[in-house]
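Encoded as structure tokens, the structure appears first; notes follow it.
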Amino acid sequence: MIKAVRGTRDLLPPDTALWNFVEATAREVFRAYNFHEIRTPIFEDTQLFSRAVGEETDVVSKEMYTWEDRGRAESDHGQSLTLRPENTAGVVRAYIEHKLWDRGLNKLYYMGPQFRRERPQKGRYRQFFQIGAEVIGPSTAGSESPARDAEVLEMLATLLDRLGITGWTLELNSVGCANDRATYNEALRKALEPVASQMCVDCQRRAVTNPLRVFDCKVPEDQPIIESLPRISQYLDEPCREHFSHVQEILKSVGVEFVLNDRLVRGLDYYTRTAFEFTHGALGAQNAILGGGRYDGLSEALGGPPAPGIGFAIGEDRLVMSLQTSAEGAKAKPDVYVAPLGAGMNREAARLARELRRGSAIVELGDETFRLKKSFEVATKLGARYILIVGENEVKADTFALKNLASGEQVQVPRNELAARIVEK
Ligand code: AMP
């Protein structure tokens, strides 16, 4: 038997109802903040990711699905392509390619699959789904402003509240700008020199190539050393410090709670200033529901004009896991099972089902060859709230027996009142 590839999975009903609920709610919330949807290709030129995300990151160095194209044409033969491991790079590429600043499009959101060759475990997949948004634009559009950071964070808090997710924590840090990072990297390198040999192999390599990445280390034995390292918060220059405190002031004034975490440097290289993560206690080891931050230099790194930006990516798989609203799943069940009884009744039942669906009821339809007992069994298995019997007598009287399957209560309802009766909760 052929099975779904390791790290990928089928999303099945009734869970798909939860996914749809999450996506519809996100669209509504994004709309209220004037974000518009963008859809970028699922694969891109490999260089896009190595330049945008950074060669030294785990994502680019170990986790990408990359292949050489086999096109006939000279132009695309041998081109290195990669399944997108994240979507910010694609959005910024599109922003540059289509000069979106000319069209005043600087608030964009996306949803879709991403691919990373990670070790699969609970909450970690090789094909996973992200819902994300980016604010990007020239400084004249105010995209550098701490007000944008606070707006994005407040929007996320609103979205999680709207989804009914409680118990999340917003962890906040500033990773400074390029200058701060350079001095800080030097300080880290110095601090790591005498101790790196006692750390894991990954950290030994990071200590030389990109010391900031040691904060990604999850090896328990390395943690005391990491705890003792200097922190970025001590190296922020005055403008970065001010930017960060402005973000915090707005968050306090709108009532969004956060905790400061100066170990939070995040996995991707392009971040500047504000970096954040929302975590959720119930998720276990993979407890980050979403992450994001500012990336003021990214557009230029990809050959575009200066365009400061801030964005985030929600791990939709994990968001769905943390949703306790099983009521949303229950909504996927039919309101009514329409049971035709006896020859010639499929026609009548089809007409009735059509009327009920137009009246917004979720309808499942039986078959005239089923005996009444079988119709009841099927309706119960489907979890329908009501069963509606369509027999010759009912059709003649234009009044139907509507039975509540949970309570057993049965009432006679005239045809024109059926839909209203069924959809009322
Ligand atoms: P990142 O793009 O690494 O900042 O990740 C943003 C969010 O995507 C994380 O907070 C996770 O919720 C989610 N995520 C990242 N990698 C995976 C994965 N392999 N499987 C499931 N969710 C993931």
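The values are calculated or read from the model by the stated rules, or taken from the named source; none is laboratory data. None of these values were measured; they are calculated from a predicted model. Note: ideal-geometry Cβ built from the backbone for every residue, glycine included; neighbour counts use all protein chains shown. Accessible surface areas use protein heavy atoms only, side chains included; no ligands, DNA or RNA. Shrake-Rupley method; radii C 1.70, N 1.55, O 1.52, S 1.80 Å.
Given the stretch 320-425, what strands (runs of 3 or more DSSP E) lie entirely inside it while holding 1 or more residues that are without any contact (Cβ under 8 Å) to a residue 24 or more places away in the chain and more than 37 Å from the chain's Cα centre (by Cα)?
399-404, 410-414
Quick check on this structure: which one of Tyr65, Tyr95, Tyr33 is under 21 Å from Gly132 (Cβ atoms) and within 16 Å of the ligand (Cβ to nearest atom)?
Checking each option against the conditions leaves just Tyr65.
What pairs come up if the first residue lies in the stretch 127-139 and is in contact (Cβ under 8 Å) with a residue 24 or more places away in the chain, the second is within 9 Å of the ligand (Cβ to nearest atom) and among the aliphatic types (A, V, I, L, M), and their beta carbons are under 7 Å apart, counting only those six or more places apart or on different chains?
Short answer, once both residue conditions are applied: Gln130/Ala313; Gln130/Ile314; Ile131/Ile314; Gly132/Ala313; Gly132/Ile314.
Given the options Phe35, Phe30, Phe49, name the one that is out of contact with any Phe, Trp or Tyr (no Cβ under 9 Å at 6 or more places or on another chain), buried (at least 16 other Cβ atoms within 10 Å of the Cβ) and aromatic (Phe, Trp, Tyr).
Going through Phe35, Phe30, Phe49 in turn, the sole match is Phe49.
Need the failing condition index for Gln204 against (1) closer than 26 Å to Lys62 by Cβ; (2) open to solvent by 40 Å² or more (accessible area, probe 1.4 Å); (3) at pLDDT below 90, just the number.
Among (1) closer than 26 Å to Lys62 by Cβ; (2) open to solvent by 40 Å² or more (accessible area, probe 1.4 Å); (3) at pLDDT below 90, Gln204 violates only (3).
Mind checking which residues of the stretch 88-109 are part of a loop (DSSP other than H, G, I, E, B) and of a type in the set (D, E, K, R)?
Scanning the stretch 88-109 gives a single hit, Lys99.
Looking at the stretch 108-119 only, could you name the residues that are open to solvent by 30 Å² or more (accessible area, probe 1.4 Å) and in contact (Cβ under 8 Å) with a residue 24 or more places away in the chain?
Met111, Arg116, Arg117, Glu118
Take the residues of the stretch 122-175 that are in a strand (DSSP E or B) and near the ligand (Cβ under 9 Å from one of its atoms): which is nearest to Pro308 (Cα to Cα)?
Per the criteria, the residue is Gly132.
Kindly evaluate Val60 against the criterion of being open to solvent by less than 60 Å² (accessible area, probe 1.4 Å), over 30 Å from Ala157 (Cβ atoms) and in a helix (DSSP H, G or I).
Judged against the criteria, Val60 is a match.
Consider Arg117 against the criteria (1) in a helix (DSSP H, G or I); (2) basic (Lys, Arg); (3) within 16 Å of the ligand (Cβ to nearest atom): it satisfies all of them except one. Which criterion is unmet?
Unmet for Arg117, out of (1) in a helix (DSSP H, G or I); (2) basic (Lys, Arg); (3) within 16 Å of the ligand (Cβ to nearest atom): (1).
Which residue out of Glu186, Glu154 is modelled with pLDDT of 95 or more and surrounded by fewer than 19 Cβ atoms within 10 Å (Cβ to Cβ)?
When all the criteria are applied, what remains is Glu154.
When residues of the stretch 1-20 are filtered for being within 27 Å of Leu160 (Cβ to Cβ) and either open to solvent by 100 Å² or more (accessible area, probe 1.4 Å) or within 16 Å of the ligand (Cβ to nearest atom) (or both), how many remain?
Residues in the stretch 1-20 being within 27 Å of Leu160 (Cβ to Cβ) and either open to solvent by 100 Å² or more (accessible area, probe 1.4 Å) or within 16 Å of the ligand (Cβ to nearest atom) (or both): 10 in total.
Here are the criteria: (1) of a type outside the set (Lys, Arg); (2) closer than 20 Å to Ser360 by Cα; (3) open to solvent by 50 Å² or more (accessible area, probe 1.4 Å). Tell me which single one Ile387 does not satisfy.
(3)
For the stretch 76-99, how many residues meet the condition of being of a type outside the set (Phe, Trp, Tyr), in contact with a strand residue (DSSP E or B) (Cβ under 8 Å, 6 or more places away or on another chain) and in contact (Cβ under 8 Å) with a residue 12 or more places away in the chain?
15
Across the stretch 209-225, what is the number of residues that are within 26 Å of the chain's Cα centre (by Cα), crowded, with 17+ Cβ neighbours inside 10 Å and not in a helix (DSSP H, G or I)?
Of the residues in the stretch 209-225, 1 are within 26 Å of the chain's Cα centre (by Cα), crowded, with 17+ Cβ neighbours inside 10 Å and not in a helix (DSSP H, G or I).
Can you pull out every residue in the stretch 160-178 that is within 17 Å of the chain's Cα centre (by Cα), open to solvent by 40 Å² or more (accessible area, probe 1.4 Å) and not basic (Lys, Arg)?
Asp161, Thr166, Trp168, Thr169
Quick one: would you say Ser80 is open to solvent by 20 Å² or more (accessible area, probe 1.4 Å), assigned to a strand (DSSP E or B) and within 30 Å of Gln121 (Cβ to Cβ)?
Taking the combined requirement at face value, the residue satisfies it.
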